[in-house]
Amino acid sequence: MMLQCFHFMVEPAKNFAAKIKDSQKRAKNDKREPLDEDQLFVLDLARDFSRVCQRSEVLEHIWDQDDTWPTPLCRLFIVQWAAMLESKKKPMQNDGWPERDEGKLPDLITEQDLIQAKNLILNWVKDLRAQPDQSVWPGEPVAKVLEDLQSAWRWGKVPNLLSAMELVMWTLLVQRPDKDTIPQQWLMWKQRTQNIGAMSYIPQPVWKWISDAAVEVTLDLDSANPDLLISNDERKMRCGFERKDVPNYHQRFDGWWCAVGVEGFDSGRHYWEVEVGERDWRLGVARESALRKGFRSLNTNTGYMTLRLERGTELKALTVPFTSLPPGLIPRKVGIYLDYDQGQLSFYDVDKHLHIYTYNESFTEKLFPLFGTVEMIKDMVIKSPAAKSQCLCSTACLWG
């Protein structure tokens, strides 16, 4: 009897608390600035997506205005995804991906661009609105990614739910039976169409898929510049104070302070991590045919795909000409992901789980992991599953 009475008292309390929460939310909404036409367009899309796609409740934060995007972001989203819809109508490239379209900067988008883009999206949404509620099952991997994005947004790891919107739209757009691969397709497409900072946060399930391709990488002593000191486990290197007397093999760097990994890759997915210093470093891959002698620029023209940090503040992708990257993307631990068959080499900030830069190429020869540093005190350290499982050894043990 007392339990029933307690239950009777708790229920009204719960309802009362919910009413207070609702009233606070309404009061919060009342204080908000009115949304403009582009913001309302995105809000309506989020509502349509959430209605049709199961497990997409995260989008409610957009259409109930908990997550309100600035107008330039809304305009960019509208134009980019209209271009995606248009590209799906055209023949695909040979590799099976929509034609590449870098898109326009937000301040270069004209009203005419927006009108055309909105019309394209609305024509697609007409068919979407004809579908029953919760009629599309996105697959468990997509659902897990959406849950992780919601959690990351709540904890302030991502500024907005743009990635969740894009993933749901991609899911509704492709509607393929192999739902398990959609998060990976979405990631690869993002990196293919936006090679710099494509994602401010990579969801944990997608990050796990990347790191599942982890391989052991060790330094090739016969390729290391004579000025470099290599640890006994061949996973650490730094510059020494004296040049060693070693055979000048054709594969040895004798100019830049670099070395390559022992194993090269000519197929499959491969991932490795590197702890870097705060001064100059370079990381990436070298083609098997790339020359290693002297001080020729290690860029795409000479067979290298790399990132380089100069003077501790200038991060560059060594394309031709080089591509400057925002200072906010400078990492302390770099993840390098090579998908040989898809022609992608991507760099990530491991600590923040964000994308830095992607090379999109057609690989035709073996690629070797590349490492370069000018640090004399702090080691450049290659991380691998084997290294993580090993016990921590003393400096004396590691350096002999």
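The values are calculated or read from the model by the stated rules, or taken from the named source; none is laboratory data. Since the structure is predicted, the reported quantities are computational estimates derived from the model, not experimental observations. Here the Cβ is made from the backbone with ideal geometry for all residues, glycine too, and neighbour counts use every protein chain on show. Areas reflect the complete protein model, heavy atoms only, side chains present, ligands, DNA and RNA absent. Shrake-Rupley method; radii C 1.70, N 1.55, O 1.52, S 1.80 Å.
Return a yes/no flag: does segment 225-246 have any residue that is part of a helix (DSSP H, G or I) and in contact (Cβ under 8 Å) with a residue 40 or more places away in the chain. No, every residue in segment 225-246 fails to be part of a helix (DSSP H, G or I) and in contact (Cβ under 8 Å) with a residue 40 or more places away in the chain. Filtering segment 213-232 to residues that are within 30 Å of the chain's Cα centre (by Cα) and of a type in the set (Asp, Glu) leaves Glu216, Asp220. All of Leu149, Leu162 fail the test of being over 30 Å from Met237 (Cα atoms) and open to solvent by less than 20 Å² (accessible area, probe 1.4 Å), apart from Leu149. Being of a type in the set (D, E, K, R), open to solvent by less than 70 Å² (accessible area, probe 1.4 Å), in contact with a Gly (Cβ under 8 Å, 6 or more places away or on another chain) and without any contact (Cβ under 8 Å) to a residue 60 or more places away in the chain holds for only one residue in Asp349, Asp280, and it is Asp349.
Can you go through Val206, Val217 and tell me which one is part of a loop (DSSP other than H, G, I, E, B) and of a type in the set (Val, Ile, Thr)?
Val217
Candidates in segment 312-337 are the residues that are open to solvent by less than 20 Å² (accessible area, probe 1.4 Å), of a type in the set (A, V, I, L, M, F, W, C) and out of contact with any Lys or Arg (no Cβ under 7 Å at 6 or more places or on another chain); of these, the one that is farthest from Glu275 (Cα to Cα) is Ala317. Consider segment 184-203 and keep the residues that are β-branched (Val, Ile, Thr) and not in a helix (DSSP H, G or I). The one that is nearest to Tyr271 (Cα to Cα) is Ile202. With respect to (1) surrounded by fewer than 18 Cβ atoms within 10 Å (Cβ to Cβ); (2) over 20 Å from the mean Cα position of the chain (by Cα); (3) within 17 Å of Arg269 (Cβ to Cβ), the lone exception for Glu365 is condition (3).
The condition of being among the hydrophobic types (A, V, I, L, M, F, W, C) and surrounded by fewer than 14 Cβ atoms within 10 Å (Cβ to Cβ) holds for only one of Val246, Val262, that being Val246.
For Glu111, indicate whether it is out of contact with any strand residue (DSSP E or B) (no Cβ under 6 Å at 6 or more places or on another chain) and either surrounded by fewer than 13 Cβ atoms within 10 Å (Cβ to Cβ) or at pLDDT below 90 (or both). It is true that Glu111 is out of contact with any strand residue (DSSP E or B) (no Cβ under 6 Å at 6 or more places or on another chain) and either surrounded by fewer than 13 Cβ atoms within 10 Å (Cβ to Cβ) or at pLDDT below 90 (or both). Going by what's in this entry, would Val246 be described as aliphatic (A, V, I, L, M) and within 22 Å of the chain's Cα centre (by Cα)? When the stated conditions are applied, Val246 does not pass them. The C-beta contact set for segment 169-185 (first residue closer than 22 Å to Gln131 by Cα, second residue basic (Lys, Arg) and surrounded by fewer than 17 Cβ atoms within 10 Å (Cβ to Cβ), distance under 7 angstrom, 6+ apart or interchain) comprises Leu173/Lys88. Considering segment 123-146, the residues that are hydrophobic (A, V, I, L, M, F, W, C) and open to solvent by 70 Å² or more (accessible area, probe 1.4 Å) include one that is farthest from Lys352 (Cα to Cα), namely Ala130.
None of Leu309, Leu298 is in a loop (DSSP other than H, G, I, E, B) and buried (at least 16 other Cβ atoms within 10 Å of the Cβ) except Leu298.
Condition (residue is farther than 20 Å from Leu43 by Cα and basic (Lys, Arg)) applied to segment 152-160: is it met by at least one residue? Checked against the condition, which is being farther than 20 Å from Leu43 by Cα and basic (Lys, Arg), segment 152-160 yields at least one hit.
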